[in-house]
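First the structure, in the form of structure tokens, and then the observations on it.
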Amino acid sequence: MVKLYNEIPGSCKWQIVEPINKGWSNDQKYYIRSTDGRELLLRISDISQYENKKKDFEAIKRLDNLDILISRPINFGICNNGRSIYSLLTWITGKDAEHILPELNSKEQYRLGVKAGEILRIIHQVPAAKNQISWSDRFNQKINRNIADYEACGIHLEGADKIIEYIEQHRCLLKNRPQCFQHGDYHVGNMIVTKSGELGIIDFNRLDYGDPWEEFNRITWCADISASFASGRINGYFHHNVPILFFKLMALYIASNQLSSIPWALKFGNKEISTMLRQAKNVLEWYDGFETCTPKWYISNPVK
């Protein structure tokens with residue numbers, strides 16, 4: 001184990017190195033505590049990922065000047081006798097938001113949701129990398145791929161025809177959409193609540209550039225746990241003045257994501273397939289079979 005990271009500068013001062021066995025990344029992840037009390041996150045990847053991981057590490061540095069609580073990059077390099085890459089980041093001490101939220105009242109859930117929306121809006125202030133192809137061209141290609149992959153996967157989702165119909169009718173909304181830095185997997189599973197009640201954001205492993213509103217495609221995981229949190233996230237992002245166009249596009253992004261989740265789950269077995277089919281069923285119910293673009297769980301004016 002020590003051979004894996006002993007080439008990393010400062011590792012001689014690491015007192016505790018504990019594996020983190022959660023998440024969907026292929027990276028090996030470790031919680032680090034050094035002799036001086038510093039807490040860190042270590043990610044180890046195969047050397048074949050060097051260029052992609054370096055690019056992602058440099059991209060996260062673009063968030064350094066933002067006044068938000070996130071896991072920040074410290075160091076990047078090669079270790080394990082040239083076989084691995086490491087990324088060293090700051091650690092956010094607290095508890096997973098997905099576990100904390102059910103223990104809170106709806107008012108506190110909503111407050112944290114508003115904070116999640118405000119943080120996301122700040123992240124989206126970082127512009128996209130240069131020379132991005134148009135969002136319409138890029139996402140339409142993704143839609144085509146998602147539909148083809150679903151139709152070829154062999155699993156039938158009741159209501160898939162309604163999802164595809166909504167997608168086809170609303171592709172036109174992708175034209176002239178702006179692009180910015182994206183977290184890439186923004187939901188309660190990648191959020192931490194500190195002891196003082198502050199919200200921190202972790203795991204930028206799927207960072208990308210694209211339409212800022214696409215970041216709401218995984219709000220389904222938030223809504224599954226707390227309608228108050230999910231609603232607060234939308235309202236906080238838009239300063240409590242949400243445009244109707246947003247709901248139409250969020251429905252489009254959620255619809256596309258639900259289709260892609262079915263063939264994705266095949267790689268992980270029956271448990272994940274069942275989870276994604278259940279969520280897709282929920283989504284269809286939230287949107288009345290995509291006859292409406294505003295989900296049933298959305299609360300525009302929560303009780304104070």
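The values are calculated or read from the model by the stated rules, or taken from the named source; none is laboratory data. Since the structure is predicted, the reported quantities are computational estimates derived from the model, not experimental observations. Positions of Cβ are backbone-derived with ideal geometry, glycine not excepted, and every protein chain shown enters the neighbour counts. The accessibility values were calculated without ligands, DNA or RNA, using every heavy atom of the protein model including side chains. Shrake-Rupley method; radii C 1.70, N 1.55, O 1.52, S 1.80 Å.
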May I ask for the distance between the Cα centers of segment 84-114 and segment 183-206, given as a whole number of Å?
5 Å
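Rolling a 1.4 angstrom probe over the protein heavy atoms, how many square angstrom per residue are accessible across segment 94-290? If you can, show how the numbers build up before the last one.
Values: 8680 Å² over 197 residues.
Result: 44 Å² per residue.
Contact order normalised by length for the chain, with contacts defined as Cα pairs under 8 Å and 6 or more residues apart; what percent is it?
Working: 476 pairs, mean separation 57.2, N = 304.
In percent, rounded to a whole number, it is 19.
If a helix is a whole DSSP H run, which ones in the chain reach 20 Å or further along their own axis (Cα) and hold a mean Kyte-Doolittle hydropathy of at least 1.0?
244-265
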Calculated Rg and Dmax of segment 41-177 using C-alpha coordinates, Å:
20.2, 53
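What do you get for chymotrypsin sites (Phe, Trp or Tyr not before Pro) in segment 168-271 restricted to DSSP loop and a cutoff of at most 15 other Cβ within 10 Å of the site's Cβ? Could the numbers behind the result be given before it?
Working: sites: Phe181, Tyr186, Phe204, Tyr209, Trp213, Phe216, Trp221, Phe229, Tyr237, Phe238, Phe246, Phe247, Tyr253, Trp264, Phe268; in loops: Tyr186, Phe204, Phe238.
When the chymotrypsin sites (Phe, Trp or Tyr not before Pro) of segment 168-271 are filtered for loop state and at most 15 Cβ neighbours within 10 Å, Phe238 remain.
Magnitude of the Cβ-charge dipole of the chain, K/R +1 and D/E -1, about the Cα centre, nearest 20 debye? If you can, show how the numbers build up before the last one.
Values: 38 positive and 35 negative charges, 120 e Å.
Magnitude of the dipole: close to 580 debye.
Note the full-extension length gain between Lys281 and Asp36 as 0.36 nm times their separation in residues minus their Cα-Cα distance, in nm to one decimal.
Details: separation 245, 0.36 × 245 = 88.20 nm, distance 4.98 nm.
Gain on stretching Lys281 to Asp36: 83.2 nm.
Please compute, over every Cα-Cα pair in the chain, the percentage with a separation greater than 28 angstrom. It would help to have the intermediate numbers written out before the result.
On the way: 19864 of 46056 pairs.
More than 28 Å apart: 43 percent of the Cα pairs in the chain.
With a cut-off of at most 10 other beta carbons within 10 Å, and DSSP calling the residue loop, which GluC sites (Glu not before Pro) in segment 52-133 qualify? Please list them.
Numbers: sites: Glu58, Glu98, Glu103, Glu108, Glu118; in loops: none.
Passing both the DSSP loop test and the Cβ count: no residue.
Taking the radius of gyration and the Kirkwood hydrodynamic radius from Cα positions alone, what is the Rg/Rh ratio for segment 48-97, to two decimal places? Write down the numbers at each step before the final one.
Working: Rg = 12.8 Å, Rh = 12.3 Å.
Rounded to two decimals, Rg over Rh is 1.04.
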Gain in span if fully extended, Val126 to Glu198, counting 0.36 nm per residue against the direct Cα distance
23.7 nm
Solvent accessible area, Å² - Asp46, 1.4 Å probe, full protein context:
90 Å²
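Express the carbon and sulfur contribution to the solvent-accessible surface of segment 94-290 as a percent, rounded to the nearest whole number, probe 1.4 angstrom.
Details: 4210 of 8680 Å².
It is 49 percent, rounded to a whole number.
Identify the GluC sites (Glu not before Pro) of segment 204-280 meeting these criteria: DSSP loop state and at most 12 other C-beta atoms within 10 Å of the C-beta. Kindly include the intermediate steps, with their values, before the conclusion.
Details: sites: Glu214, Glu215, Glu272; in loops: none.
Nothing satisfies the criteria.
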From zero up to wherever the largest Cα-Cα distance of segment 11-90 sits, split into 5 Å bins and tell me the percent of pairs in each.
3, 14, 23, 25, 21, 12, 2, 0
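Count the DSSP beta bridges whose two residues both fall in the chain, then state the antiparallel fraction as a percent rounded to the nearest 5. Mind showing how you got there, number by number?
Working: 33 of 34 bridges.
Of all bridge pairs located within the chain, approximately 95 percent are antiparallel.
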If you find the alpha carbon centre of segment 3-17 and of segment 253-297, how far apart are they in angstrom?
42 Å
